[in-house]
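**Q** So that we are looking at the same thing, I have put the structure below in structure tokens.
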Amino acid sequence: MKTITLAHGAGGSITQRLIKEYIVRYLGGSKAEVPLEALDDAAVIEGIVLKSDSYTVKPLFFPGGDIGKLAVAGTVNDIAVMGAQPLALAAGFIFEEGFPISNFETILRSMKETCLDAGVHIITGDTKVVEKGALDQLLINTSGIGKRSTAMERNIEEVKKYRSFEGSWLLDSNLRRGDRVILSGPVGDHGLAILSSREGYSFEGGITSDVTPLNKVVDRLLEVGGIVCMKDVTRGGLSNALNEWSEKSKIGILVQEDRIPVNQNVQAACEMLGISPLEVGNEGKLVIGVVQEKAEDVLATLRQTKEGRNAQIIGAATNEFGGVVVETSVGGRRILPPPAGDPIPRIC
């Protein structure tokens with residue numbers, strides 16, 4: 001590895017190597033409750049959940065959203081999937097010289113609306129301007145803090161009715177044999193919406209990004225209880241999320257291909273482009289690990305929300321093998337490896 005490439009920012013196995021071999025090597029070693037080395041969606045120190053994320057989407061405005069909505073929703077979701085209630089955000093803006101103020105105002109309005117939707121405020125931040133050509137228009141960094149919710153306490157009490165649970169948070173390493181895997185809705189919409197807008201494709205039916213804050217949905221699911229782990233399915237797509245769970249939990253995951261929801265127009269576009277919707281990033285979908293006994297209750301509650309009305313139980317954790325295996329509609333099985341990177345760069 002001599003130089004950084006776009007693949008290093010795509011969220012797949014190449015990104016993981018960069019983080020483990022360089023970032024963790026030099027910056028790891030804290031005594032945090034959930035440290036950098038855990039490589040979860042956020043860290044935890046002294047009961048505070050902390051997350052920072054940067055956004056470099058191209059184009060800045062796309063069907064269903066923009067970089068501002070993406071920045072707020074992405075950070076809120078990373079805090080929520082740890083089982084925490086987002087409290088506040090910070091935002092940093094780095095502009096290329098010449099960026100239109102009118103576009104900045106449009107992005108700020110979008111960020112405000114998304115904050116109101118999520119029930120959080122941006123309470124501090126920073127601005128920088130660099131020479132024209134030093135970056136592509138605008139980068140946004142959002143950081144956020146969250147705290148443990150009472151719903152999370154009840155959720156863990158419910159888990160402990162059915163099996164042992166030693167942790168205090170929803171971590172990638174929590175999945176155990178028999179736990180069910182739920183997907184909140186169709187995958188691939190965000191990545192294909194960005195690609196369509198960027199490259200000028202006119203996919204049949206149009207494709208709109210799913211970007212949205214999910215913290216209120218997570219709260220409802222925690223009230224039902226029985227949830228052991230959760231991720232928002234972003235860079236690297238569903239394939240990457242499931243493989244992270246399998247590796248960190250040291251357990252196999254068997255998923256049923258015909259239960260994985262994919263919108264028809266997204267499926268057709270992926271077939272035309274020769275990419276898998278399971279490897280395409282999303283910004284409004286959850287994958288949820290839940291004890292077997294509570295899976296149907298969590299699914300029913302999820303289907304009552306607009307974000308989860310097409311949710312499905314797509315599989316279960318097993319000790320029969322390691323890694324992630326897909327069972328096809330005709331009964332065959334194939335390994336679902338982690339993607340090297342997202343096939344569509346700069347989508348978040």
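The values are calculated or read from the model by the stated rules, or taken from the named source; none is laboratory data. Note that this is a predicted model, so its numbers are computed, not measured. Glycine also receives a Cβ, built like all others from the backbone with ideal geometry; neighbour counts cover every protein chain displayed. These area figures cover heavy atoms from the full protein model, side chains too; ligands, DNA and RNA do not enter into them. Shrake-Rupley method; radii C 1.70, N 1.55, O 1.52, S 1.80 Å.
**Q** At a threshold of 8 angstrom on Cα-Cα distance, excluding pairs fewer than six apart, so keeping six or more, what relative contact order does the stretch 1-83 reach in percent?
**A** The value is 18 percent.
**Q** Find how many whole Å separate the alpha carbon centroid of the stretch 203-249 from the alpha carbon centroid of the stretch 119-184.
**A** Each part's Cα centre sits 11 Å from the other's.
**Q** Once Rh is set to the Kirkwood radius over Cα pairs, what Stokes-Einstein translational diffusion coefficient, in µm²/s, holds for the stretch 4-90 at a temperature of 37 °C and a viscosity of 0.692 mPa s?
**A** For the chosen part, D equals 225 µm²/s.
**Q** Are there any helices in the chain, counted as whole DSSP H runs, that stretch 20 Å or more along their axis by Cα and score at least -0.5 on average by Kyte-Doolittle, and if so which?
**A** 101-118
**Q** If you build a Gaussian network model of the chain, linking Cα atoms that sit under 10 Å apart, which residue out of Ser209, Ser149, Ser102 swings the most?
**A** Ser102
**Q** Name the shape class, rounded, prolate or oblate, that the alpha-carbon gyration tensor gives for the stretch 222-308, where a ≥ b ≥ c are the square roots of its eigenvalues, rounded holds for a/c under 1.5, and otherwise prolate holds if a/b is larger than b/c and oblate otherwise.
**A** Judged from the Cα gyration tensor, the stretch 222-308 comes out oblate (a/c at least 1.5, b/c at or above a/b).
**Q** Hey, another quick one. Where does the chain land at 222 nm, in deg cm²/dmol rounded to the nearest 500, when only DSSP H runs of n ≥ 4 count, each adding -39500 (n - 2.57), divided by all residues?
**A** -9000 deg cm²/dmol
**Q** What percent of all Cα-Cα pairs in the stretch 260-348 falls into each 5 Å bin, going from 0 up to the bin containing the maximum distance?
**A** Calculated P(r), rounded to whole percents: 2, 10, 17, 22, 21, 17, 9, 2, 0.
**Q** If you don't mind, another one. Let me spell out the model: positive unit charges on the Cβ of Lys and Arg, negative unit charges on the Cβ of Asp and Glu, origin at the Cα centre of the chain. What dipole size does that give, in debye rounded to 20?
**A** Result for the chain is approximately 460 debye, rounded to the nearest 20.
**Q** Straight-line reach from Lys58: which aspartates and glutamates have Cα under 20 Å away, leaving out those fewer than 8 places along the same chain?
**A** Result set, ordered by chain and number: Asp66, Glu96, Glu97, Glu105, Glu131, Asp136, Asp189, Glu199, Asp210, Glu279, Glu283, Asp342.
**Q** In a Gaussian network model over the chain where Cα atoms closer than 10 Å are linked, find which of Val24, Val34, Val44 has the largest mean-square fluctuation.
**A** Val24
**Q** In whole Å, largest first, what are the principal axis extents of the Cα atoms in the stretch 190-348?
**A** Over the stretch 190-348, Cα extents along the principal axes are 46, 35, 28 Å.
**Q** Between their Cα atoms, which of Lys51/Lys147; Lys147/Lys216; Lys2/Lys231 are more than 21 Å away from each other?
**A** Lys2/Lys231
**Q** Compute the Cα gyration tensor for the stretch 145-281, then decide on rounded, prolate or oblate, letting a ≥ b ≥ c be the square roots of its eigenvalues: rounded whenever a/c is under 1.5, prolate when a/b is larger than b/c in the other cases, and oblate in all that remain.
**A** prolate
**Q** Also, quick follow-up: Could you please report the charge total around Pro337, scoring K, R as +1 and D, E as -1 over all other residues with beta-carbon less than 12 angstrom from its beta-carbon?
**A** For residues surrounding Pro337, the net value is -1.
**Q** With the chain treated as a Gaussian network of Cα nodes joined by springs under 10 Å, which of Ile314, Ile79, Ile123 yields the largest mean-square fluctuation?
**A** Result for the chain, Cα springs under 10 Å: Ile123 fluctuates most.
**Q** OK, next. In the set [x] 58, 48, 44; [y] 97, 54, 37; [z] 66, 45, 41, which value of Cα extents along the principal axes in Å was calculated from the structure you see?
**A** Answer by label: [x].
**Q** Sticking with this structure for a sec: Tell me the per residue accessible area of the stretch 218-348 using a 1.4 Å probe; a whole number in Å² is fine.
**A** Heavy-atom accessible area per residue stands at 40 Å².
**Q** Also, quick follow-up: How high is the relative contact order of the chain, in percent, with contacts defined as C-alpha pairs under 8 Å that are six or more residues apart?
**A** 24
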